[in-house]
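Chemist: Quick one: structure below, then a few questions.
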Amino acid sequence: MSTYDLNFARWVYENVDGGDKMALCMQCGTCSGSCPLGAQMDYGPRKLFMMVRAGLKDKVLESNTLWNCVSCYNCVVRCPRQVPVKYVLHSLGTAAVRAGIPAATKSDNARFARAFWWSASKLGRTDERIVTALFYFSYGLSKGFKMAMANLPVALGLVKTKRMHIGAPYMCKNKGELKTILAKAAEIEARHAK
Amino acid sequence: MTDKTSRSRTILVVGGGISGITAAVEAAEAGHDVVLIEKTPTLGGRVARMNRYFPKLCHPTCGLEINYQRIKKSSRIKVFTMSSVAAVKGGPGGYTVTVKTQPRYVKPSCTACGDCAAAATSEVANHHNYGMDKVKSAHLPHTMAFPMRYVIDGSVVGTPEGAAIQAACKIGAVDLDEKESSFELEVGAVVWATGWRPYPASNLTMYRYDDLPDVITNVEMERLASPDGPTGGKIVRPSDHAAPKTVALIQCAGSRDLNHLPYCSRVCCLASLKHAAYVREQMADAQVDIYYIDLRAHDKLESFVQRLKRDPQVGFVKSKPARIEPSGAGGGAVVCGENTLTREVYAKNYDLVVLATGMQPSVIEGDMPAMDKDLDAYGFIFPEGEAISAGVASGPLDVSMSVQSATAAALKAIRVASV
């Protein structure tokens, strides 16, 4: 049984990046056909857009289509109605995480994004070792350890070829300023949300 | 305003395709003098370049023959080929039009015997076949040319070949000294029947028309199927001249696309269904797939759609292909996209791929500055404006609708020229 939220489409049109253009979609399939991961997606952008219109809110926010986009922009440049497909998918992904949808918050992409953001916001830089460690251990201690061990040869290879350094993590010079900038950004976002 | 008594009641028709011819004969038969000018060496336009056309799938020779007869029987129509409008002054009821004529290098006394072509040695791209093959530098534009007169390409002027061509003409009809000339006309009304051109398939980079020989356009398909086309009417794929076993027809190649032509070109769906019929008539074992967003079979031709839908060897795939890729070996091309009914992402190999490119107006903004105020956002002429348009100059139309539009235009022109 699917439940329909009849206000979902309107909410997406008004709150999602590029959502105002979604009403132009004519279901031609260029986006899903152009997508390098189109065959791996559960729905693909075209069908997902139709589901937004139908009001299938839960299914849309639980979809893996949101997380499989690799931002290649093929769909954006080819869409005959100029719907910015990539932006819509990413923004729907954000909406799914904010709504606390388990399929979204527990997805590999969301875990990685959180690890990335922690490093970027706290250190001002993304340190590969910290980002990967946070990502692995977000799955729990034992699974994280297993994942880290499985990738150890890759890490050693990277160190050997000087693609990854050993020693203190990279950090920006003035973390205090970064904190102020991020606080201001959060303030602006909160204002826009109202 | 000009003095009523001295005003010309003559009507100028610009463009000698099916619409221009119709507007000219309708106005002339209603008692007006008509000047019909055409940019190319012959009347007939795009219709002459079709194999067959709706509604009854006749060969264009038939419809053109009837209309050529009407022109010949009327003493009121003057036809100028190789001529185009250089400038327009005045307004409804009193226009002064400057017409520019390019040299044909063949005088009206030509009997179309073909001696000049026999003497010609060099070849030029065949305009009639959209450049798919070549013709001699001295040639008849096509078998249904009007006037039935040869034309000589400017490239041979002043060469030994030119001298040989001139010497070959027994009646002295070749005149290589002809120059571009112009003349002025006083007319009461102007009918713009400037027609269309196919949207350039090269612009659709994802369909790789330029580098895959077996990806062709719908107008080229018409020529392939035509008895007077580059292959004598045999549908073959260009890479190896083999009969295709699988053919993909791709709709909306450039139409209904904000990156190309934002509008629906209206005729392509039925044109492609017609192409499916051509292939099925020639090759009993061929499979044809039509890729479409929506089938928009305009006009009263639903029965034709149903006839093809009953054919098990004609497939209908609801999908706008995302891209076309080279086939591994042996020619052809791979069509890739998403079937929107099954959600299947496909990559299917075809021997021949035909792009249903849309219609673009021939006269576009800037070509004719005096006209710009009468053009809509897509370059078609406003029906409500001052300029009188006939056929595809006013928007995408098929042949029968163009003829209706031309008759309406003739009536409008008569009203303007009679005041």
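Chemist: Considering only region B:317-342, state which residues are within 30 Å of B:Asp211 (Cα to Cα), open to solvent by 40 Å² or more (accessible area, probe 1.4 Å) and within 14 Å of chain A (Cβ to nearest Cβ). So that I can check it myself, show each step before the final result.
Modeler: Start the filter on region B:317-342 by keeping residues that are within 30 Å of B:Asp211 (Cα to Cα), which leaves B:317-340.
In the following step, the residues that additionally are open to solvent by 40 Å² or more (accessible area, probe 1.4 Å) were identified as B:318, B:323, B:325-326, B:328-330.
Across region B:317-342, the qualifying residues are B:Lys318, B:Arg323, B:Glu325.
Chemist: Can B:Val279 be described as over 21 Å from B:Tyr199 (Cβ atoms), touching a strand residue (DSSP E or B) at 6+ places or on another chain (Cβ under 8 Å) and open to solvent by 50 Å² or more (accessible area, probe 1.4 Å)? Before the answer, list the steps.
Modeler: Details: over 21 Å from B:Tyr199 (Cβ atoms): yes; touching a strand residue (DSSP E or B) at 6+ places or on another chain (Cβ under 8 Å): yes; open to solvent by 50 Å² or more (accessible area, probe 1.4 Å): no.
So B:Val279 does not fit the description; no.
Chemist: If I filter region B:270-325 down to residues being closer than 27 Å to B:Met401 by Cα and among the polar types (S, T, N, Q), which single residue comes out as modelled with the lowest pLDDT?
Modeler: Per the stated criteria, the residue is B:Ser303.
Chemist: Just to be sure, is B:Val106 under 26 Å from the mean Cα position of the chain (by Cα), modelled with pLDDT under 95 and buried (at least 20 other Cβ atoms within 10 Å of the Cβ)? Full working, then the answer.
Modeler: Working: under 26 Å from the mean Cα position of the chain (by Cα): yes; modelled with pLDDT under 95: no; buried (at least 20 other Cβ atoms within 10 Å of the Cβ): yes.
Taking the combined requirement at face value, the residue does not satisfy it.
Chemist: Right, next: Taking region A:96-125, which residues are assigned to a loop (DSSP other than H, G, I, E, B), more than 19 Å from A:Leu48 (Cα to Cα) and in contact (Cβ under 8 Å) with a residue 12 or more places away in the chain? Before you say what the answer is, go through the steps one by one.
Modeler: Let us first name the residues in region A:96-125 that are assigned to a loop (DSSP other than H, G, I, E, B), namely A:99-101, A:106-107, A:124-125.
Within this subset, residues satisfying the condition of being more than 19 Å from A:Leu48 (Cα to Cα) are A:100, A:106, A:124-125.
Of everything in region A:96-125, those that are assigned to a loop (DSSP other than H, G, I, E, B), more than 19 Å from A:Leu48 (Cα to Cα) and in contact (Cβ under 8 Å) with a residue 12 or more places away in the chain turn out to be A:Gly124, A:Arg125.
Chemist: Let me ask something additional. Limited to region A:20-42, what total is found for residues that are surrounded by fewer than 20 Cβ atoms within 10 Å (Cβ to Cβ) and within 13 Å of chain B (Cβ to nearest Cβ)?
Modeler: 9
Chemist: Can you pull out the residues in region B:179-207 that are open to solvent by 50 Å² or more (accessible area, probe 1.4 Å) and in a loop (DSSP other than H, G, I, E, B)?
Modeler: B:Lys179, B:Glu180, B:Pro200
Chemist: Say whether the condition of being touching a strand residue (DSSP E or B) at 6+ places or on another chain (Cβ under 7 Å), within 14 Å of chain A (Cβ to nearest Cβ) and basic (Lys, Arg) is met by at least one residue in region B:246-260.
Modeler: No, the conditions are met nowhere in region B:246-260.
Chemist: Mind checking which residues of region A:140-151 are among the aliphatic types (A, V, I, L, M) and closer than 13 Å to A:Glu128 by Cα? Give the derivation first.
Modeler: Applying the first criterion (among the aliphatic types (A, V, I, L, M)) to region A:140-151 yields A:141, A:147-150.
Matches in region A:140-151: A:Ala148 only.
Chemist: Here is a further query. Restricting region B:286-315 to residues that are assigned to a strand (DSSP E or B) and under 30 Å from A:Tyr73 (Cα atoms), which is most open to solvent (accessible area, probe 1.4 Å)?
Modeler: Within region B:286-315, the first condition is being assigned to a strand (DSSP E or B), and the residues that meet it are B:287-292, B:314-315.
Those left that are additionally under 30 Å from A:Tyr73 (Cα atoms): B:289-292.
Numbers: B:Asp289: 9, B:Ile290: 2, B:Tyr291: 5, B:Tyr292: 36 Å².
Restricting to residues being assigned to a strand (DSSP E or B) and under 30 Å from A:Tyr73 (Cα atoms), the top hit is B:Tyr292.
Chemist: Do any strands (runs of 3 or more DSSP E) lying entirely in region B:316-419 carry at least 3 residues that are over 21 Å from the mean Cα position of the chain (by Cα) and of a type outside the set (Ser, Thr, Tyr), and which ones are they? Talk me through it step by step, then tell me what you get.
Modeler: Numbers: elements: B:323-326, B:333-339, B:344-350, B:352-357, B:359-361.
The strands (runs of 3 or more DSSP E) meeting that bar are B:323-326, B:333-339, B:344-350.
Chemist: From the residues in region B:124-145 that are open to solvent by 50 Å² or more (accessible area, probe 1.4 Å) and among the hydroxyl-bearing types (Ser, Thr, Tyr), which one is nearest to B:Thr357 (Cα to Cα)?
Modeler: We begin by selecting, within region B:124-145, every residue open to solvent by 50 Å² or more (accessible area, probe 1.4 Å); these are B:125, B:127, B:130, B:132, B:134, B:136, B:143.
Cutting the leftovers down to among the hydroxyl-bearing types (Ser, Thr, Tyr) gives us B:130, B:143.
Working: B:Tyr130: 14, B:Thr143: 26 Å.
Restricting to residues being open to solvent by 50 Å² or more (accessible area, probe 1.4 Å) and among the hydroxyl-bearing types (Ser, Thr, Tyr), the top hit is B:Tyr130.
Chemist: Right, another one. Which residue, of A:Val85, A:Val77, A:Val60, is farther than 18 Å from B:Leu341 by Cα, within 13 Å of chain B (Cβ to nearest Cβ) and surrounded by 16 or more Cβ atoms within 10 Å (Cβ to Cβ)? Give the steps one after another, and end with the answer.
Modeler: Values: A:Val77 fails: surrounded by 16 or more Cβ atoms within 10 Å (Cβ to Cβ); A:Val60 fails: within 13 Å of chain B (Cβ to nearest Cβ).
It is A:Val85.
Chemist: Taking the condition of being small (Gly, Ala, Ser), assigned to a helix (DSSP H, G or I) and out of contact with any helix residue (DSSP H, G or I) (no Cβ under 6 Å at 6 or more places or on another chain), how many residues in region A:126-150 meet it? Working first, answer last.
Modeler: The first filter runs over region A:126-150 and keeps only residues small (Gly, Ala, Ser), leaving A:133, A:138, A:140, A:142, A:144, A:148, A:150.
Then drop every residue that is not assigned to a helix (DSSP H, G or I), which leaves A:133, A:142, A:144, A:148, A:150.
Next, from what is left, pick out any that are out of contact with any helix residue (DSSP H, G or I) (no Cβ under 6 Å at 6 or more places or on another chain): A:133, A:142, A:150.
Matching residues across region A:126-150 total 3.
The values are calculated or read from the model by the stated rules, or taken from the named source; none is laboratory data. Just so you know, these numbers come straight off a predicted model, no measurement behind them. Every residue, glycine among them, receives a Cβ derived from its backbone with ideal geometry; neighbour counts consider all protein chains shown. Areas reflect the complete protein model, heavy atoms only, side chains present, ligands, DNA and RNA absent. Shrake-Rupley method; radii C 1.70, N 1.55, O 1.52, S 1.80 Å.
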